[in-house]
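Encoded as structure tokens, the structure appears first; notes follow it.
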Amino acid sequence: MKTMIGNKSIVFMWCMFLLALMAFGPSLASADKHTAKTEAWETWSKPNDAFDAKKMGDMSGFDPAKWVNPEGDTIKIAVVWPHSGPGALNGELAWGCVTFVAYDINQRGGIFVDGKKKKIALYKADSQSRPDVAKKVVERMVLQEKVDVLLGTSGSNIMKIINEVANKYKVIGQNIGALSDDLQDATNFGPYSFMSSDTTESIGRGMAYFYGQIRKKEKKFYILCQDYSFGRGMADGFKNGLKEYYPEAEIVGEDYHKLFLTDFAPYLEKIKASGAEVVWTGDWLPDAGNLLKQSRQMNINIPFANLFLDEPNMLNEIGVEGTKGLMNIKHFDKAGPAFTSPGMIKYYKAWNDGWQNRWKTPPYNTPLFRHPMGTLGHWQQQVYWLLSVIERAKSTDADKIAKVWEGDTYQYVNGRIVKMRACDHKAIQGFRVAEWVPPAEQKVSFNMPPYHWYESASNVGPSWEIPAEKVLPLMDRALDRCKGKNDWGD
């Protein structure tokens, strides 16, 4: 009898222990950065706001080359990009994206802030890709033009200057185009700078996750990136990701080159001799295009895993065979068919109809601006997120905007959800990896007529989703605000 009672007691205690684990398991798990999914993930199913295509204004008159600022009291945004010089095409991209968003909001009548409805006014701030010029022009935007937001940019070195000025003068600095993790570390963090873009660490780890956990094929990788904080961050993220998700992979070479390089031959010869099966590059325009063109001219036809080797003018120039097999990771797009909702179709056509029927001014009439996807979609939707936050803050006061944005979640037009981590102002998001295929095979992605992205180049075909919890951005715990937080910011 005593034995039976003893056994029952043991069983009872084990049951109570298991119940305790069930009750406290999620909270215990949330303390671990790799398993801190449950609580944070639940917030993503109910974003604080979402882009609603049904509310879009009449876009039939939009032309990015014919932007005119509205009169009266406005919300002023400086578009800080290289609008001239070797990186000017990036400025054209940004201007096209931001004017589209501002035109839409203005067609709706503006946003109710500071007790009245205000439309959006935009100011070109030409950094020329030069830090000394950027500092002068950004300060002029704040002190003379009285802008409410400094929006930027291609080049993390320039974005750092934008953030410094934003924090000094207490205006919002939104980073939609620079990706270096150190922009929001303990040294560079400021209360008014927000990194709604993705980060080098997350992107690199995302591509490594794809090769190690999804594709499981190639094992020999060569790294070639631009020689500054962004390029080295892209390389580090990929290397860290391989260690975590693909330890049997081998890096057979690693090089860094100066910005705006015209001759890649020395690097390409080393790649050819290395036996690499894949090249990982973070290069952006014009380096990205020159790299791919010269590699194909030298009969180096191995795949490039990339973020920005998707510039359509360059792809169409190289042709179907030369672009087939590229592996592209992207921040805005989602895996699978691109057009899965009436809202996404409406949004796409609002842009594409203008490109087909109205835009006559270069470069907006070129293939580069045909589709509002990839970087174009990402930059546009980040600006919509900014304006959503301003509208919910009901103010252009930077402190009120920051209070709303910290910890905010927002859903893009295609369903992707992003979260602004409160402690360091870095966005959390997932990615899509896609393999470039010939036009006849692009229907799996472009799932409405004409069932391909481009006629003369390979482009998105099969694609795979990279979950956000696999690519959480780096957190610098030397930043006091982040001490005691897990990688979700909880």
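General observations
- Dimensions (Å) - the range 255-379, Cα atoms, principal axes, largest first: 49, 32, 26
- Taking each DSSP H run with n ≥ 4 as -39500 (n - 2.57) and averaging over every residue of the chain yields -12000 deg cm²/dmol at 222 nm.
- Residues CYS97, CYS225, CYS423, ranked from the fewest to the most other C-beta atoms within 10 Å, line up as CYS423, CYS225, CYS97.
- Relative contact order [Cα under 8 Å, 6+ residues apart], the range 252-395, whole percent: 18 percent
- The chain: translational diffusion in µm²/s, Stokes-Einstein, Kirkwood Rh over Cα pairs, 37 °C, 0.692 mPa s: 140 µm²/s
- Based on Cα atoms of the range 116-207, Rg over Rh with Rh as the Kirkwood radius reads 0.99.
- Cα-Cα over 28 Å, subset of LYS394/LYS470; LYS54/LYS334; LYS54/LYS160: LYS394/LYS470; LYS54/LYS160
- Prolate/oblate/rounded label for the range 401-449 (Cα gyration tensor, a/c 1.5): prolate
- The range 349-455, relative contact order in percent, only Cα pairs under 8 angstrom and at least six apart counted: 11 percent
- Look at the dipole of the range 297-433 built from charges on Cβ: of THR366, THR323, GLY354, the Cα furthest out on the positive end belongs to GLY354.
- Over the range 212-254: Kirkwood hydrodynamic radius from C-alpha pairwise inverse distances, Å: 10.8 Å
- D_trans [Stokes-Einstein, Kirkwood Rh over alpha-carbon pairs] for the range 287-441, 37 °C, 0.692 mPa s, µm² s⁻¹: 185 µm²/s
- Radius, Kirkwood style, for the range 332-379 when every pair of distinct Cα atoms is counted (Å): 11.4 Å
- Dipole magnitude (debye, nearest 20) for the chain, charges at Cβ of Lys, Arg, Asp, Glu: 980 debye
- Cα centre as origin, Lys/Arg/Asp/Glu Cβ charges: the range 280-334 dipole, Debye: 140 debye
- Whole-number D in µm²/s for the range 229-293 (Stokes-Einstein; Kirkwood sum over Cα pairs; 4 °C, 1.567 mPa s): 101 µm²/s
- In percent, rounded to a whole number, the relative contact order of the chain is 17, using alpha-carbon pairs under 8 Å and six or more apart.
- Overall form of the range 104-165 per C-alpha gyration tensor (a/c, 1.5; a/b vs b/c): prolate
- Estimated vicinal HN-Hα couplings, Hz - the range 344-354 in sequence order (Karplus 6.51, -1.76, 1.60; Gly, Pro = x): 5, 5, 4, 4, 4, 5, 4, 7, 5, 5, x
- Near ASP283, the amide H atoms lying under 5 Å from its own belong to GLN226; only residues 5 or more places off or on other chains count, and H is placed 1.01 Å from N.
- For the range 156-245, average projected area of the Cα convex hull in nm²: 6.2 nm²
- Here's the picture: charge each Lys and Arg Cβ at +1 and each Asp and Glu Cβ at -1 in the chain, and of ALA125, ALA78, GLY91 the one pushed furthest to the positive end of that dipole is ALA78.
- For the range 133-173, the equivalent ellipsoid derived from the alpha-carbon gyration tensor has semi-axes of 15, 10, 8 Å in decreasing order.
- Computed on the range 436-482, the Cα convex hull volume stands at 120 Å³ per residue.
Bear in mind these aren't lab numbers, they're just calculated from the coordinates by the rules spelled out. The structure displayed is predicted, hence computed values, not measured ones. Virtual Cβ from ideal backbone geometry, glycine too; neighbours counted across all protein chains shown.
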